[in-house]
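Asker: Structure below; questions to follow.
The values are calculated or read from the model by the stated rules, or taken from the named source; none is laboratory data. Keep in mind it's a predicted model, so treat the numbers as computed, not measured. Cβ placement follows ideal geometry from the backbone for every residue including glycine, while neighbour counts extend to all protein chains displayed. SASA here: full protein model, heavy atoms, side chains in, ligands and nucleic acids out. Shrake-Rupley method; radii C 1.70, N 1.55, O 1.52, S 1.80 Å.
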Amino acid sequence: MCDVRKDIPLMHILMVSLLFFPGPWGRCMGSDCGPGGSQSRAVWCAHVDGWTTLHTNCYQSQRPSNQQNCFRVCDWHKDLYDWQLGTWSQCVSVSARAFGGMRPHVCNVGKEGIQTREVGCILKADESPGEDAICEYFEPKPRLEQACLIPCPQECVVSEFTPWTSCSKTCGTGLQNRVRSVLVPPLFGGSACPNLTEFQTCKPGPCKGAEGVYSLRLGPWTPCSLPISRPVRQLIQKKRTRNRLNRQESPFWDIQVGYQNRAVSCAHRNGSTVGLSLCQPRELPLTIQSCILPKDCELSDWSDWGPCSKACTDPNPKSPRGQRTRSRRVLQFAVGEGENCAPLEEAEPCDTEGDGVPPCATYTWRTTEWSDCRVDSLLSQQDRRRSNQTGLCGGGLQNREVYCVQANAELLTYLNNLKDKDASRPVDSKLCGGPIPDTSQLCHIPCPIECEVSPWGAWGPCTYENCNVQDGKKGFKLRKREISNEPTGGPGNCPHLVEAIPCEDPSCWDWQLVRLDECVPDEDLPCGPGTQKPQVQCVNSTGEKTLCRGTPVPEPIVCLVPCPKDCVLSDWTTWSSCSQTCSSKTIEGKQMRTRSILAYNAGEGGDMCPNSSSLQEVRNCNEHACTVYHWQTGPWGPCTEDPSASALNTSVGSRSAAGLKANGPCSQGMQTRKVICVRVNVGQVPPKKCPESPRPGTVRPCRMPCKKDCIVTPFSDWTQCSPTSGNIQKKKQSRRRIVLQLPANGGQECPEVLQEENDCEAVKVCPGYRWKTHKWRRCQLVPWYIREDSPGAQETCGPGLQTRAVSCRKLDGAQADIGDCLKLASSMPPVTQRCQLPCQDDCQLTNWSKFSSCTVDCVGVRTRKRLLVGRSKKKDKCKNTQMYPLSETQYCPCDKYNAQPVGNWSDCILAGGDRVESLLGLKVLGDIKECGQGYRYQAMVCYDQDNRLVETSRCNSHGYIEEACIIPCPSDCKLSEWSNWSRCSKSCGSGVKVRSKWLREKPYNGGRPCPKLDHINQVYEVVPCVSDCTQYVWVAEPWSVWKVSNVDLKENCGEGVQTRKVRCMLNTVDGPSESVEDYLCDPEDMPLGTRGSRLPCPEDCVLSDWGAWNRCSRVTTTGLRSVPFGLRSVPSLSEIDPLFEPCSLNLNCFHYFYNITDWSTCQLSARAVCGSGIKTRMLDCVRSDGKSVDLKFCEERKWQMNISCVVECPVNCQLSDWSTWSECSHTCGLEGRMWRSRVVVQGSQGDGRPCPSQMEQWKPCPVRPCYRWQYSPWSECRVEEVVCGAGLRFRNLSCFVSDGSREGEGSLVEEDLCAGLELAVDQDRVIILKEACVLPCPGECYLMEWSDWSPCLSVCVKGAAVDFGSVQVRSRAVMAQEPENLQLCPDPDWESRSCTDGECFEYQWMSSSWAGSPRVTWCQRSDGLNVTGGCPPINPLGEDNSFCDPACQMPMSFCTEAGVCMCEEGYTEVLSSGGQLDQCAPIPVLEIPTAGDTKTDVKTSRAINPTLPATTQPGRTGRTWYLLPIGPGLSRRSCCLEGSICCSKTCIYCSALMGPSPMCKSPMPCAPRHLHTITDAGL
């Protein structure tokens, strides 16, 4: 048995190693969307080593759940949930480790860091958290962390010191100061700014007398306060005065007059305060004055928000939102030094929501129907068809107008009055967005196809007009022709196709001879008379087989089989063609046939040969009269309504403006035409003269087109009132409507008025408001009981304050709310002012009078005066005119003006180009005038006698110089007319024919380009052609009688010759007609005119002529031709010549095949410029020897000889009209320009005229002076009647004028010229004309005024594309006067602010050259400014040579921080045998390949700047190595790792990882080198 207790520990150990492992959760499943779903996952039991086992082997208590509830996501959840992104945390530094261990961090760009944020899925409605899986269903979870950069510490950078100031004293011991300012503040933990001031003592010389030790110092005014208490007696006496002074006319001001005082003390020059008696006897300044008790502005609560300006719902999230505003009222204005009122209105964006809110209007483009297709716009300048444009066809252009309408007008019932109409009211085109529909397009006018007919066929037999009714002996012979194409308008426009000739003895059918059988002698004799049986078939008048009813079959024909002694004659030839087509009294047609003697009779007993007249027969033919008749048709009349048709004609009215198309047929109609019988060359004859069967119809059905009424849009809204030209003419407004569909087919005509113009109504003057100032109250002094102890004070006189009330009035004087004046009136006038109640000893004068008028400008003077008042007239001090002048004189103003041109000439602008086009529609009018005479403009500027800019009207100028100019018109390429077509290159079969044009004038000024020309400036057109091979034929006459040349012993037999005449004749449908020149026929086909043979003798067999060749069956075999039969019997057949003759290919028999040409170029109608055309090719039948023959020799086959094609239309570039002139780019000054532009509506196509390069034009704006308010510089700090202390400084606000070319410059002008401007300086509405200041007492140490703001500086690393923003700074330095007071000086101060577009600078150490003494080193910024701070924190070169022992005396050497002599950049150390620096030699820098460098060769070059950054692979921190040259006694160079150990004599590779090498005898640390560096990746 097993011991179970021993197994328990083992099982326990095994189960500890078995764990449950869950898989990922599956997809959430469920029937409903939302939290009701469920998801599952797999769970298995596995060993930690990876193998799986049964679930029961794992602890069940540790088994995770394999199912859970989940949120089932549906598509509509996308609108409910979204990711919420938290803000990025502060950048936390990440330590970087160099290869081989830690190395000190040197900050060059910044420290790498990581910043994190929180990201969660939320429900949009209440921002409650949701499961991340919901948002992940639609979009991946945004990243939670990102890399960041912590900037390097930026130390403070200051400027150079200013020169030393003059000595603070004129005698004794004083101080001189020099100061500097802060250029870059310390940033990101950088070192603090150094002292901004340096002092040094100075001794101008000993003082001869006692120095001024004490100064009267004035303290600042105390805050304004009311008196605490008053004596009872004064309270009773002043009660009435108090009530009157404190009574206010307006509740908006609570003005209370209080008092304030200030202290006067005596200061020692060491800064201490001493008794006031030490500064006396001196007259003390005023120490008590009246003041206004400060009270802040009080405002009411905000009102409710007003309605949203956008009172509609807009589904487009990118559309601008509306605004709503709220306001508050002023309850109490600020007085004294109280805080001014905050803004009284505020606005915020808003959207109107709710069920009853209508949708916002949307706008879309609409178009009118296309205009008729026109070809004339495609014609070139030289095209002769410009003068007569009738009948033009092919490709053309058609235009339409584009306008903007409200797209959802049918939804806005409160705006829509166009019910049941598709035509919407046009609106401003600026409201429509998106691409503008095309305003022009190519179109096609079908070219008329003229009817083409075949040649007339042969006259048919005489037949009855109606074979079913065969009455009388009169009939007709007919001939016909066919239509060979598909003409425009159908066959009704073709000429007559049937002609008739009256004849007698008509017949509807006849027997046609097929062949004759052999001649069979009578009575079974071997020769003699016999008969031939004809083989016939019955045909009708059209040649079709039929049954011949009632007509006997032709009888056998009598023939003769010659006996051996008879004369032998050939068969009759076929009848020749009739010599005339008809007969008359003077002419008649004849036909002829012949036969010839083959052998003469053989003596007695044989039939004799006939005489020569019997060898020829002549008969009459075409005996009918030359009276040809045919039916002639007139043109079809208009389509009129057919009363029998049931359809009614309707009128098409309103239709969709977006798709106006041609109407289809509306009702059934009929057309009629006139048909008459015409006799050729005579005229109309009675109808019975023409056969009735081919008579054309006189009536046909037709479809009547629908009527099209004119459709116009409703009138647009009236345009805004604007002057038609400048401000001279009366203002006009207009409205227009657009024709959407033109009337047609008798529809309603368009209204005559499409545009209306109206005078604008008088502009309603907005209600104006103004401030009304009330009378100043009595000057109020500080109460006497408060100032009675002040030295020199008098009870009833002195400085005081006076107040007044201000109210708001309308322009008509009516009372108005004060808020209206705050919005619409000018700035509020002051309600308090300082005043002076004169004392008895004061001089009193009246105010200055106005200046007297000037009689002459620029020459005379004008004066103003004032008078002494009261007792002042008798006081001597008041009579001192230097202190109290009673008159002032000034020169009269000199109004002289000078006009002169300024700026460049504008573009050349065509006359009439300034018209203001309507913004409601965009249309292209074809050829817009774009060349010819125009005008260019140059602005005029007007200056006064002081060279100040004034309005141009002062110089009697309208602001421009106008000069005529020419815009050259484009000239198209000009070619000659087409030459005539050449003759076809082949007289028989297919060839080519050519025509050409040549260049007459090249294009210029943007004209149409020329087509591709050859080297002699010609363009050719080549088309295939074909010449009819049967047009001319050879006709041979019968052979003549034999002429025996070698007479045998027997008579009339032997060798002989026959001749015949051969002529070239014109071939017609009726056969050869007339003789022509022989060269027109093919000489190779000319029949023989002479033949020689042997005339058979009586004992010879007589044979007929050879028959026709049969067709060659194969190319490699021969064919045969046969002798039909023997004509006279012979004793023995062995003596007869062979009955068959072989044929040889291309000698006496041929094969035939088709040859088809290439397609021609696209051929257009003569009336077309471009568009649809046809390409043709020619078919040729070629004999096997290469000769072209008639097509009948080739087997019949269907070929496509024409295909359609398209010639690209030469569409000129089409431009829109010029836009209206833009607003002036500058509201004033010399540089203002107005622009207008045009756009390409349709680019050029084919050989059309290209688009011009000028798509914009400009002209100068009228020059207007630039007025602005500008502060004068602050005055010096003024302290009343004392040396130092609290004072005031002042500045003025003046009106300046400039030409706008340079900021800050200008001339002072009268303030009235700035009256229309907002009272603001540099957009700052808070005007400050005085401020408190402190005048330091002698000996005090004080802070100077703020320096100017430094230029905007970018905190960046140049070359690293890292920018940490921009900053500018200003500072205050300390100024000291007494050496013993330096410990009392305040600290310097600086402040910074952010700015934009700062410049990035670099800093580097600079040094002077060696001059036998230590060099001067300094830090310099990359813009050349010498600074302190900013350069790398190392010991500057050559600053101190005392560390090195022995001292570095070699040229170009310096001492390092480690006490080692090194060489400057570009030089290498040459060491002595003892390891000391021996000399500095120029260093050749090795270009060592780095990682990724494909160069394997090492080149040497002279170093220009050997201090280059290490090349490091991205994302990898490499070790930096330095080249360490060794002395001349050693043979190699080595690289030394900074911080490692290296030998002084034998320098080897020493690694920080390996430690010192055992070869190193005297190890020493490696010093840094400012030499060419590489990385370990390059080693």
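Asker: Give the long-range amide H neighbours of Gly396: residues separated by 5 or more places, or on another chain, with amide H under 5 Å away, using H modelled in the peptide plane at 1.01 Å from N.
Answerer: Cys443, His444, Ile445
Asker: Same structure, new question: May I ask you to rank Leu811, Leu378, Leu513, Leu1147 by accessible area, largest first, using a 1.4 Å probe over the protein chains only?
Answerer: Details: Leu811 115, Leu378 0, Leu513 95, Leu1147 140 Å².
I get Leu1147, Leu811, Leu513, Leu378, largest accessible area first.
Asker: Taking the alpha-carbon set of the stretch 521-655, what are its Rg and Dmax in Å?
Answerer: My reading of the Cα-based Rg and Dmax gives 30.3, 109 Å.
Asker: For the stretch 123-197, run through the chymotrypsin sites (Phe, Trp or Tyr not before Pro) and keep only the ones in DSSP coil with at most 16 other Cβ atoms within 10 Å of their Cβ. Before the final figure, lay out the partial values.
Answerer: Numbers: sites: Tyr137, Phe138, Phe161, Trp164, Phe188; in loops: Tyr137, Phe138, Phe161, Trp164, Phe188.
For chymotrypsin sites (Phe, Trp or Tyr not before Pro) across the stretch 123-197 that sit outside H, G, I, E and B with at most 16 neighbouring Cβ atoms in 10 Å, the list reads Phe138, Phe161, Trp164, Phe188.
Asker: Would you mind working out the accessible area per residue for the stretch 513-614, using a 1.4 Å probe, and quoting it in Å²? Kindly include the intermediate steps, with their values, before the conclusion.
Answerer: On the way: 6740 Å² over 102 residues.
Ligands and nucleic acids excluded, the figure is 66 Å² per residue.
Asker: Mind ordering 304-313, 997-1006 by average Cβ neighbours within 10 Å, highest first? Kindly include the intermediate steps, with their values, before the conclusion.
Answerer: Details: 304-313: 13.6, 997-1006: 15.1.
Ranked by mean Cβ neighbours within 10 Å, highest first: 997-1006, 304-313.
Asker: While we're on this one: Among Tyr1154, Val1169, Cys1194, whose Cα lies farthest out toward the positive end of the dipole of the stretch 1144-1194, if unit charges sit on the beta carbon of Lys, Arg (+1) and Asp, Glu (-1)?
Answerer: Val1169
Asker: Return the equivalent ellipsoid semi-axes of the stretch 250-344 as a descending list in whole Å, where each equals the square root of 5 times an eigenvalue of the C-alpha gyration tensor.
Answerer: On the way: eigenvalues 652, 76, 10 Å².
In descending order the semi-axes read 57, 20, 7 Å.
Asker: Same structure again: Per 10 Å bin, what percent of the C-alpha pairs of the stretch 798-870 does each bin hold, from zero upward?
Answerer: Once binned at 10 Å, the Cα pair distances of the stretch 798-870 give 14, 22, 22, 28, 13, 0.
Asker: Could you rank the peptides 1338-1348, 1258-1268, 314-324 by their average count of other C-beta atoms within 10 Å per residue, with the highest value first? Kindly include the intermediate steps, with their values, before the conclusion.
Answerer: Details: 1338-1348: 17.5, 1258-1268: 20.9, 314-324: 11.7.
Packing proxy ranking, top to bottom: 1258-1268, 1338-1348, 314-324.
Asker: Tell me the carbon and sulfur percent of the accessible area for the stretch 252-311, rounded to whole percent, probe radius 1.4 Å.
Answerer: Values: 1510 of 3120 Å².
Carbon with sulfur: 48 percent of the solvent-accessible area.
Asker: Same structure again: For Glu346 and Ser319, FRET efficiency with R0 = 25 Å and r from the beta-carbon atoms, rounded to 0.05? Present the calculation step by step, with values, prior to reporting the outcome.
Answerer: Working: r = 23 Å, r/R0 = 0.92.
So the FRET efficiency works out to roughly 0.60.
Asker: Of the trypsin sites (Lys or Arg not before Pro) in the stretch 556-629, which ones lie in a loop per DSSP and count no more than 11 other C-beta atoms within 10 Å? Spell out each step's value before the answer.
Answerer: On the way: sites: Lys565, Lys585, Lys590, Arg593, Arg595, Arg619; in loops: Lys565, Lys585, Arg595.
Of the trypsin sites (Lys or Arg not before Pro), the ones in loops of the stretch 556-629 whose Cβ has at most 11 other Cβ atoms within 10 Å are Lys585.
Asker: Okay, moving on. Over the stretch 239-386, with the other protein chains present, what is the accessible area per residue in square angstrom, probe 1.4 angstrom?
Answerer: On the way: 8990 Å² over 148 residues.
I get 61 Å² per residue for the stretch 239-386.
Asker: For Lys477, list the aspartates and glutamates whose Cα falls under 15 Å from its own Cα; do not include residues on the same chain fewer than 8 positions away.
Answerer: Glu465, Glu499, Glu504, Asp505, Asp510, Glu623, Glu692, Asp1070
Asker: Simple spin-label model, 7 Å along Cα-to-Cβ: Val1069 to Trp981 in nm?
Answerer: Taking the two extended label points, one gets 2.2 nm.
Asker: I've got another one for you. With every protein chain left in place, what is the accessible area of Trp978 in Å² (1.4 Å probe, nearest 10)?
Answerer: Roll a 1.4 Å probe over it and Trp978 shows about 90 Å².
Asker: Assuming R0 = 25 Å, what is the FRET efficiency of Thr881 and Leu837, from their Cβ-Cβ distance, to the nearest 0.05?
Answerer: Working: r = 25 Å, r/R0 = 0.99.
That pair, Thr881 with Leu837, gives E of 0.50.
Asker: Follow-up question, since we're still on this one. In the stretch 822-857, which trypsin sites (Lys or Arg not before Pro) are in a loop and have at most 10 other Cβ atoms within 10 Å, using DSSP for the loop call?
Answerer: Details: sites: Lys823, Arg834, Lys850; in loops: Lys850.
Loop-located and lightly packed - Lys850.
Asker: Give the Rg/Rh ratio for the stretch 1154-1275, taking Rg as the radius of gyration of the Cα atoms and Rh as the Kirkwood radius, to two decimals.
Answerer: On the way: Rg = 33.6 Å, Rh = 21.6 Å.
Expressed as Rg/Rh, it is 1.56.
Asker: Okay, next question. Can you give the accessible area of Glu1195 in Å² (nearest 10), computed on protein heavy atoms with a 1.4 Å probe?
Answerer: For Glu1195, solvent-accessible area is about 140 Å².
Asker: Leaving ligands, DNA and RNA out of it, report the carbon-plus-sulfur percent of the accessible area of the stretch 495-645 at a 1.4 Å probe.
Answerer: Values: 4830 of 9370 Å².
Accessible surface attributable to carbon and sulfur in the stretch 495-645 totals 52 percent.
Asker: Here's another thing I want to ask about it. Heavy atoms only, probe 1.4 Å: what % of the accessible area of the stretch 701-850 goes to carbon and sulfur, would you let me know?
Answerer: Details: 4460 of 9510 Å².
Accessible surface attributable to carbon and sulfur in the stretch 701-850 totals 47 percent.
Asker: Something else now. Rounded to the nearest 20 debye, what is the charge dipole size of the stretch 461-562 about its Cα centre when +1 sits on each Lys and Arg Cβ and -1 on each Asp and Glu Cβ? Before the final figure, lay out the partial values.
Answerer: On the way: 10 positive and 15 negative charges, 96 e Å.
Value, rounded to 20: 460 debye.
Asker: Please list, ordered by chain and number, the residues whose modelled amide H lies under 5 Å from the amide H of Cys503; skip anything fewer than 5 residues away on the same chain.
Answerer: Gly475, Phe476, Lys477
Asker: Suppose all protein chains stay in the model; what accessible area per residue would a 1.4 Å probe give for the stretch 762-902, in Å²?
Answerer: On the way: 9620 Å² over 141 residues.
With the other protein chains kept in place, the stretch 762-902 gives 68 Å² per residue.
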